[in-house]
Amino acid sequence: MKETTAKQVDRLTNSKIKEPIVLNRLFDSKGFAWFIFGLSILLMFIENFLKMNKFVGGWHIVSYLLLLSPLVYLVYKNELKNPYVKLFLPILLIMIVDMFVYSNEMVQTFVPIVFYLMVITLYLTSMHKVHSLYQTLLPNFVIQGVGFGYIGAFFDKLFVKGDNSNLYSRIGVAMLITIPFLGLFIALLYSADERFASFLTNLVDFHFHFDISYIFTVPFYLFIYMLLFVFSLSAFKNRTNIRETEPFDMLIVGIFLGMINLLFFTFLAFQFPFLFGEITLPNHTTLAEFAREGFFQLMMVMGIVVLIFLFIMRRFKGEKLSIFLLAGLLVQTALMGVVSLKKMYLYQSIKGATTLRYYVEWFDYFLIAVLVLGLIFILRKMDFRRLLDIVATLGVVSFTLVISLDVDAMVASHNIEKFKDNPNELDKGAISRLSIDALPAIQGTDIIINKSQFRDCSSFSEYHFGYCSKISKYGEKQYRDRYLTPYNAPKYIRHNNMSAKEIYQSCAGCHGRDGEQKALGKSAIIAGRDANRTIQQLQAYRRGDLSLYGMGGLMRGQVGSLSDEEINSLALYISQLKKGDSNESR
């Protein structure tokens with residue numbers, strides 16, 4: 001009896017030290033649990049074994065949509081504890097469409113990061129009861145034991161005996177028996193019909209060659225996705241209580257805000273003539289230099305002031321001194337924003353537009369809007385949480401609108417139109433460095449956009465609607481590699497023909513003596529292929545960015561040591577090959 005009592009005391013003590021793990025009741029449904037487990041395996045499979053280039057392609061879009069599917073299900077079943085989460089789903093869908101349509105640097109590199117961060121944040125706050133929208137973007141969590149406890153509890157529940165245990169065990173046995181045979185039959189049928197093999201290759205693009213990193217990446221991705229779904233959907237929190245805050249020491253706040261206000265007033269004294277239309281240039285300064293000076297720095301000043309304002313407002317208790325000093329700070333900072341915008345417009349009128357200047361301009365507008373909203377809230381003494389909701393909503397909507405603009409095409413169109421009467425002043429080099437999005441805008445000009453990325457539009461994993469539709473409509477005449485031009489190419493091949501022929505000997509084993517074979521029975525025939533396209537592919541293989549037909553590792557080993565000149569020479573040599581010709585006759 002004493003021993004039993006001691007054990008009970010130990011259990012009670014441990015329960016106080018470590019909170020029990022409670023999974024979402026949704027996981028009581030074996031169907032939903034298996035769906036989450038299967039989805040995690042599928043996402044892990046896409047990340048590891050399907051060709052995912054650094055630019056957004058077909059499998060990226062599939063993985064993005066799959067990642068959202070549990071949230072969509074929870075919305076459909078009305079199981080979300082946080083009602084604001086569903087308001088962000090249309091924003092995420094717009095991001096997915098933008099990533100599939102636009103090729104500019106912002107959308108292809110920055111937006112995917114923002115997308116993942118926002119998705120993770122929405123999952124982590126999906127089961128939180130909140131009092132304001134902004135809390136949805138501010139997760140508040142602690143993962144017990146780095147999440148292993150949640151994963152363990154999930155699998156305990158998944159495989160525990162229940163009313164349907166016999167059904168699920170039979171399904172599991174059936175899949176264990178079926179999957180190996182499916183793999184065997186797919187391998188046999190893959191070799192039996194070229195069209196079927198091509199269909200599977202373009203659809204799936206397996207990395208058939210074993211990579212030692214899979215030992216680590218397979219369990220890692222599976223664990224990460226399982227943790228995201230299981231932990232976040234079980235992380236119930238009540239965040240509806242509003243915590244009272246103590247006011248700041250007004251002496252400290254007064255000195256701090258007073259000195260900053262004085263500094264800003266002194267600075268604006270030098271800006272008033274410019275604000276009202278008078279431009280006085282400093283000595284040895286051109287108009288362009290004057291216009292360029294300051295708009296980035298002023299944007300940073302506005303951003304810092306917005307953060308200071310929000311920090312102080314969190315403990316704002318309606319003190320009259322704070323109202324006076326904060327209002328003065330916001331007004332002066334907004335005037336600095338106007339100065340920044342005027343300088344931006346002046347510089348663009350001289351030098352033309354760039355994507356960075358557009359982004360800075362739009363961010364200036366956003367910051368000025370936040371400053372004006374802050375001024376209204378101070379003067380009307382409105383609730384701080386409502387201000388955060390409006391700022392968060394304005395920020396998300398503004399970002400979504402910005403990434404939905406075809407900024408590269410806007411820059412190209414603006415500059416071409418601006419300098420149409422003075423074409424010598426047009427910076428064609430800047431336009432040539434834009435993405436393929438600018439291709440429609442340069443039609444009718446002699447501008448050529450440098451090929452910053454190569455995609456095989458016949459491959460699902462590389463297919464990108466915006467890129468491939470533009471190539472299909474406008475061709476590659478004004479979208480090609482800057483290293484190969486009609487002027488230097490023939491000259492180079494005449495001087496290096498033997499070298500190119502010698503380099504090709506290492507290719508002949510797979511592609512055939514005349515480029516007439518499909519490498520390993522998979523690749524396209526390369527004889528007579530356009531040299532520009534070959535150069536792009538070989539350079540991508542060399543960087544490790546391309547793995548057509550799962551042969552990225554093999555091709556990287558083949559071309560990894562080749563220089564740009566050798567790749568150009570080899571590509572031109574291949575372009576002159578014809579089926580049935582003999583290399584000995586060349």
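Descriptive notes on the structure:
- Between region 324-376 and region 435-480, the alpha-carbon centres lie 34 Å apart.
- 3J(HN,Hα) from dihedral phi, region 70-86, Karplus parametrisation 6.51/-1.76/1.60, rounded to Hz, x for glycine, proline: x, 5, 4, 4, 5, 5, 4, 8, 6, 9, 6, 7, 9, x, 7, 4, 5
- Between the amide H of LYS129 and those of LYS237, ASN238, ARG239, distances stay under 5 Å, these residues lying 5 or more places away or on another chain, with hydrogens modeled in the peptide plane.
- Over the Cα atoms of region 33-107, the radius of gyration divided by the Kirkwood radius equals 1.02; this is the Rg/Rh ratio.
- Across LYS343/LYS451; LYS501/LYS578; LYS86/LYS129; LYS342/LYS451; LYS77/LYS129; LYS320/LYS343, pairs whose alpha-carbon gap is larger than 25 Å: LYS343/LYS451; LYS342/LYS451; LYS320/LYS343
- Taking the Cα centre of region 287-442 as origin and assigning +1 to Lys and Arg Cβ atoms and -1 to Asp and Glu Cβ atoms, the resulting dipole is close to 780 debye.
- Pairs of alpha carbons in region 250-312 separated by more than 16 Å make up 61% of all such pairs.
- Computed log₁₀ I(q)/I(0) - Debye formula, equal Cα scatterers, no solvent, region 372-439, q 0.15, 0.21 Å⁻¹: -0.65, -0.85
- Compactness index (Cα Rg / 2.2 N^0.38 Å), region 310-469: 1.42
Here, each number is a calculation from the coordinates, and none is a lab measurement. Fair warning: this is a prediction, and the values are worked out from it, not measured in the lab. Don't worry about glycine lacking a Cβ; one is built from the backbone with ideal geometry, like all the others, and counts go over all protein chains shown.
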